[in-house]
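Working notes, beginning with the structure itself.
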Amino acid sequence: MTAPPVLSVRGLRKSFGAMTAVAGVDLDVEAGEIVCIIGPSGCGKSTFLRCINYLERPDEGTVRIAGDYIGREPAAAGGTRLQSARQLDRMRPRVGLVFQQFHLWPHLSALENVARAPIRLRGVDRSEAEAQARALLARFGLAAKAGRMPADLSGGEKQRVAIARALAMKPELMLFDEPTSALDPEVVGDVLRLMKELAEEGMTMVVVTHELGFARKVADRIVFFDAGRIAEMGPPDELIDRPRSERLRLFLSHFQ
Amino acid sequence: MTLDLSIITDNAGLFAQGAVATVYISVAAIISGLLIAFPVALLRLSPRRVMSWPAVAYVELFRNIPFIVMLSLFFYGLPFFGLRLQPMTTGIVALALFGSAYFAEIVRGAILSVPRGQMESARAIGMSYLRALREIIFPQMLRFFIPAATNTSISLVKESAVLATLSVAELTYQGLIVQGQTFAPFEVFLATATIYWGLTALLAAGFRTSERRLGGQAQRGFSSRHRLAARYLSLEPEPRS
């Protein structure tokens, strides 16, 4: 028996009032795979990402993490039902989410940002959690910044702390929502390099990005989102060099 | 006309009793008001109409009636429902409910003053709603909450004077008694006003200390430059510190 995909999405739909953001998406991501999602603004790619861990509750569809349902599960009577808040809270740490705007907790030091969730949610000893957090920060070149408050960190440093915070829960899947869009151009490379290292270590990742260069180099598969659907999907070379649809050709032309 | 301070010193005992009663009533009303305010504010913030609507109704009900009218309604109305409370108890309950409506709006505003992404990043990592509130939102909302709560608390101390209408022996009532015995209203109200001023000043100082203690943690989140900028650019009136 083969292991179930790390991420398995079926029939996902999400509307905001009359506006359909995600219009029926199926996606499987295998262990160690890197999937980059590209597409025009407002095409639903960020909403899709936020639906995976139920920060936005999808209207329809199911999401499974390594075979386990998150947010909504099949009901005994047929159909599906929402999981309890407690079930959802237990599933969420298995998915790490990195935001465009970092959303570090400004009242806690860099170290505490990383160590807090393992201490509170996993019952890890404070000394052990801090040692792990220091090791993560050191790996990301932030050993000297552990005691700093987020306000005293640069954008690139904040995003690296945010990635460390998500990794501290040892997630099986990492989601990145335009992780470099809020960064100064000169530090974008630092964060992308870090993500590439993670990818090489075998982390399973779904990355919403406008960095086509990164997508081409790192992604195993690129997904082109348009109007809330997967319009095209394939290996980077194929998708970027030989786009099948006019929409994708047009989208890619903006990057030349 | 001369100021006869002996009127005040001769009746110092009554003023002291009144002041103690006022402190007791105010502290009890402020603490219970705050305790009621948090659940009301959380209900009000709920996206579900069945949860938020009662909270809206509660706040509007207690905010839109003059306190003296509300107090009289309670005092004369509750016996109709078989509830006979001491005037002092009625007063504390009414003042707590009155204050809780204002406190609830402050708590709601303070929670909303924290950027949405803070709650999202806490939930995304697996914290429950209540844990995220406690560990991530509350520490950050204190900067907004404490100055506003100070103002409302001071108002409640002053509103407690209305309990004199029910013959509760608090500061204003004792002042009226002394005035009735001495026919020296100026001295009496000068003393009463001074004591009120002293009590509210003490209360404000207490809040400022708690702001430094509690807010100190949260303040560290903002670099010194930001703190300086925030102080000068702040549109929120803050108590002097």
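The values are calculated or read from the model by the stated rules, or taken from the named source; none is laboratory data. A quick note: this is a predicted structure, and the numbers were derived from the prediction, not measured. Virtual Cβ from ideal backbone geometry, glycine too; neighbours counted across all protein chains shown.
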Q) What about B:Glu135, is it at pLDDT 95 or above, under 22 Å from B:Ile111 (Cα atoms), among the acidic types (Asp, Glu) and out of contact with any Gly (no Cβ under 9 Å at 6 or more places or on another chain)? A) yes
Q. Do we find a residue being away from chain B (no Cβ under 13 Å), part of a helix (DSSP H, G or I) and modelled with pLDDT of 95 or more anywhere in region A:159-175?
A. yes
(Q) Test of understanding: among A:Val63, A:Val22, which residue is modelled with pLDDT of 95 or more, farther than 24 Å from B:Ser128 by Cβ and buried (at least 20 other Cβ atoms within 10 Å of the Cβ)? (A) A:Val22
Q) Of these, B:Gly117, B:Gly126, which one is more than 14 Å from B:Tyr102 (Cβ to Cβ), crowded, with 22+ Cβ neighbours inside 10 Å, facing chain A (nearest Cβ under 10 Å) and not hydrophobic (A, V, I, L, M, F, W, C)? A) B:Gly126
**Q.** Options A:Gly39, A:Gly71; residue that is touching a helix residue (DSSP H, G or I) at 6+ places or on another chain (Cβ under 7 Å), more than 9 Å from chain B (Cβ to nearest Cβ), over 24 Å from A:Pro4 (Cβ atoms) and surrounded by 20 or more Cβ atoms within 10 Å (Cβ to Cβ)
**A.** A:Gly39
Q.
Tell me whether region B:61-76 contains one or more residues that are surrounded by 13 or more Cβ atoms within 10 Å (Cβ to Cβ) and within 19 Å of B:Ile177 (Cα to Cα).
A. no
Q: Among the candidates A:Ser245, A:Ser154, A:Ser253, single out the residue that is polar (S, T, N, Q), farther than 24 Å from A:Val95 by Cβ and touching a strand residue (DSSP E or B) at 6+ places or on another chain (Cβ under 7 Å).
A: A:Ser245
Q: Search region A:109-141 for residues being aliphatic (A, V, I, L, M), surrounded by 17 or more Cβ atoms within 10 Å (Cβ to Cβ) and over 22 Å from the mean Cα position of the chain (by Cα), and hand back the single one that is nearest to the other protein chains (Cβ to nearest Cβ).
A: A:Ile119
Q) So which residues in region B:1-30 are out of contact with any Leu (no Cβ under 9 Å at 6 or more places or on another chain) and surrounded by fewer than 13 Cβ atoms within 10 Å (Cβ to Cβ)? A) B:Met1, B:Thr2, B:Leu5, B:Ser6, B:Thr9, B:Ala12, B:Gly13
(Q) Given the criterion more than 27 Å from A:Val9 (Cα to Cα) and touching an Asp or Glu at 6+ places or on another chain (Cβ under 7 Å), identify the matching residue among A:Gly156, A:Gly147, A:Gly123. (A) A:Gly156
Q. So which residues in region B:1-44 are aromatic (Phe, Trp, Tyr) and either touching an Asp or Glu at 6+ places or on another chain (Cβ under 6 Å) or in contact (Cβ under 8 Å) with a residue 12 or more places away in the chain (or both)?
A. B:Phe15, B:Phe38
Q: Working carefully through the options A:Leu250, A:Leu183, A:Leu192, find the one that is in a loop (DSSP other than H, G, I, E, B) and either away from every other protein chain (no Cβ under 14 Å) or among the β-branched types (Val, Ile, Thr) (or both).
A: A:Leu183
Q: Within region B:85-128, count every residue that is over 20 Å from B:Ser32 (Cβ atoms) and basic (Lys, Arg).
A: 2
Q: Within region A:93-108, track down each residue that is more than 7 Å from every other protein chain (Cβ to nearest Cβ) and under 19 Å from B:Ile137 (Cβ atoms).
A: A:Phe102, A:Leu104, A:Leu108
Q) Is one or more of the residues making up region A:48-57 of a type in the set (Ser, Thr, Tyr), at pLDDT 95 or above and either out of contact with any Leu (no Cβ under 6 Å at 6 or more places or on another chain) or under 25 Å from A:Ser181 (Cβ atoms) (or both)? A) yes
Q.
Pairs needed: first member in region B:185-207, without any contact (Cβ under 8 Å) to a residue 40 or more places away in the chain; second member anywhere, not hydrophobic (A, V, I, L, M, F, W, C); C-beta distance under 6 Å; at least 6 residues apart or different chains.
A. B:Pro185/B:Gln179
Q.
Out of the helices (runs of 4 or more DSSP H) lying entirely within region B:129-182, which hold 2 or more residues that are within 14 Å of chain A (Cβ to nearest Cβ) and buried (at least 21 other Cβ atoms within 10 Å of the Cβ)?
A. B:138-159
